[in-house]
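I have placed the structure first, in the form of structure tokens, so that the comments after it can refer back to it.
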Amino acid sequence: MRTDRTAGAPVSGDDQGERVILDKHVKPAGHTPDPAPTVVELSAVAETPWQSGVGIVAPYDFALDRELWRWAPDDVSLYVTRLPFVPVPVTVDQASALSDGANVARATRDLLAPEPLVVGYACASGSFVHGADGQRRLRQCILDAGAPEAVTTSGALIQALEALDLRRIAVVTPYVDSVTGRLLNYLAEHGVESVSSVGLGLLGHIWKTTYSEVVQAVRDADRPDAQAVFISCTNVLTYDIIAPLERMLGKPVIAANQVTMWAALQAMGRQPVAHGQHLVDATARTAA
């Protein structure tokens, strides 16, 4: 490949494009090139589009990497790593294992080489299973491991509720009752009343929960006195249904992956990419 500009020379702001000469086909060694190569015009770019990074510590069974990326602006990359496998179903025991501070610290250190501006622990149950103190300890583990900023899903939930001034919510979870109960206790510690809750009772393969199942659970959980509905678990798909549910219910609907990405991006001074989601729209107006 050759160009009409010296390699490494700066691009002039007046340049409209850069002529790049490319052979049409790769030729074997020693072959005489075609006399008339293809000419391709590439736009001159004055600055490299540098990426900022968000580190993500996820459970071993997390299957929704693409869901998190949908909230990320084009110039923000996600660096995702997973916690060690635990051979137990989705129970309190699993959540406790996922909140192991040594494993979370190790995963955090694994993410630091590309220099993320924040590390997010993307697991709801693992960050609420031991209550408010457990959430704070988990976040501190991430900071102590070297992360410049840290958020957890359950910490982000409280941050989002406070930002929207919500104190009474309905709760939807994919969990068995013992895990859902830990979430309700966690919310109560923060002065948030759970006016109703619906748990799907799943012990595994949560990422296979359909949109229609989530929508029905939200409809079942909603109450007139609920100011909002929270959909728990980062392994539940929600991006496409948050805004339609909000229009249907006439109130905010917030979800685990949404609050995780919202809080992580807020920590680095950015806003999530979303369409008609109340949490994102309301806090963007506040920031402006």
Taking the C-alpha atoms of region 168-225, how large are the radius of gyration and the largest Cα-Cα span, Dmax, in Å? 11.7, 32
Sort 112-124, 67-79 for me by packing, meaning the mean count of neighbouring Cβ atoms within 10 Å per residue, highest on top. 112-124, 67-79
Limiting things to C-alpha atoms, what are the Rg and the maximum Cα-Cα separation (Dmax) for region 52-287, in angstroms? 16.1, 48
Once label points are set 7 Å from the Cα along Cα→Cβ at both ARG223 and GLU162, what is their separation, rounded to one decimal in nm? 2.5
Considering the convex hull of the alpha carbon atoms of region 101-156, report its projected area averaged over all viewing directions, in nm², one decimal. 3.3
Equivalent ellipsoid, region 166-286 (semi-axes from 5 times Cα gyration tensor eigenvalues, Å): 21, 16, 15
Taking the Cβ of each residue in LEU157, LEU183 as the centre, tally the other Cβ atoms inside 10 Å and list the residues starting with the fewest. LEU183, LEU157
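So how do GLU47, GLU149, GLU193 line up by other beta-carbon neighbours within 10 Å, fewest first? Don't skip to the answer; put the middle values down first.
Details: GLU47 6, GLU149 19, GLU193 13.
Starting with the residue having the fewest Cβ neighbours, the order is GLU47, GLU193, GLU149.
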Nitroxide proxy distance, nm - points 7 Å out along Cα→Cβ at ALA102 and GLU193: 4.4
Taking neighbour counts of Cβ atoms within 10 Å as a proxy for exposure, in what order, fewest first, do THR153, THR81, THR209 appear? THR81, THR209, THR153
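Where a number appears in this text, it was derived from the coordinates with a stated rule and is not lab data. Model, not experiment: these values are computed from the prediction. Please note: Cβ atoms are built from the backbone with ideal geometry, for glycine as well, and neighbour counts cover all protein chains shown.
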